[in-house]
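Structure first, then comments.
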Amino acid sequence: MLDPRDAEALPGEVDPALRDEVAHATARALVDRARTTEDPKVVERLIHLVENEGLDTVAGLWADAAAVSLPGSLWRLYVLREWVRRDMGTVMLRYRLGVEAAPVQEAVAGVPSPPEPRDLQILADAVLSGVFTGDLAVALERAGAFCRILSTGAAFDADSREVADPTGATRMTRSASSLLRTAEELERAGDLWRTGSLE
């Protein structure tokens, strides 16, 4: 299996088929290794993969993978966790705006009510921990529900800014749409995992 640094050192562009193969192989190896270990430190290191290796390294492995695939799902989960970690103010605002309109999603996401910023960080870590030690389908569903709440909150935020900041409102509407698409992709991946067909 090619290390990402070795892949970058190859002359010319990396063959897309090879890149896809590397993405799937590394995602599967990571999940399988975590699920077969009894060492909680391994899972802890995987949860903090982006802090230790950098978002660019993780992106180099999985960002181009199909959305509804194991590497594509891992990429989305790590990006979601990183967003929670880096921009808690925005995430908290969108969650609070969206949660009242999405009570079922709140129950699936599993965030206490009313949420505190630490609760959202705990959720992001718990979802990744669930990928490596629990039911991966449930972890993907929880992340999907969380994205649906954030999508709803972004849509409400866009509506409230329509008059004062139409450009910002348009940007937020696009963000809401992107979050909804991510939610659907994660939920679909969870369904495929349950049937043993998530590649």
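The values are calculated or read from the model by the stated rules, or taken from the named source; none is laboratory data. It should be emphasised that the depicted structure is a prediction, and the values quoted were computed from it without experimental measurement. We place every Cβ from the backbone using ideal geometry, glycine too, and count neighbours over all the protein chains shown. Areas reflect the complete protein model, heavy atoms only, side chains present, ligands, DNA and RNA absent. Shrake-Rupley method; radii C 1.70, N 1.55, O 1.52, S 1.80 Å.
Brief remarks on what is shown
- The single residue among V108, V131 that is open to solvent by 60 Å² or more (accessible area, probe 1.4 Å) and either modelled with pLDDT of 90 or more or not in a loop (DSSP other than H, G, I, E, B) (or both) turns out to be V108.
- Evaluated against (1) at pLDDT 90 or above; (2) touching a helix residue (DSSP H, G or I) at 6+ places or on another chain (Cβ under 8 Å); (3) of a type outside the set (K, R); (4) within 27 Å of L192 (Cα to Cα), H48 falls short on exactly one condition, (2).
- Residue within the stretch 65-73 that is surrounded by 15 or more Cβ atoms within 10 Å (Cβ to Cβ), modelled with pLDDT under 95 and among the β-branched types (V, I, T) present: no
- Test for V43: is it more than 23 Å from T152 (Cα to Cα), in a helix (DSSP H, G or I), touching a Phe, Trp or Tyr at 6+ places or on another chain (Cβ under 6 Å) and open to solvent by less than 40 Å² (accessible area, probe 1.4 Å): yes
- Filter result (out of contact with any Ser or Thr (no Cβ under 9 Å at 6 or more places or on another chain) and under 16 Å from P103 (Cβ atoms)) within the stretch 149-169: I149, T152, G153, F156
- Restricting attention to the stretch 80-103 and to residues that are of a type outside the set (F, W, Y), in a helix (DSSP H, G or I) and free of Cβ contacts under 8 Å to residues at least 12 places away in the same chain, the residue that is nearest to A65 (Cα to Cα) turns out to be R86.
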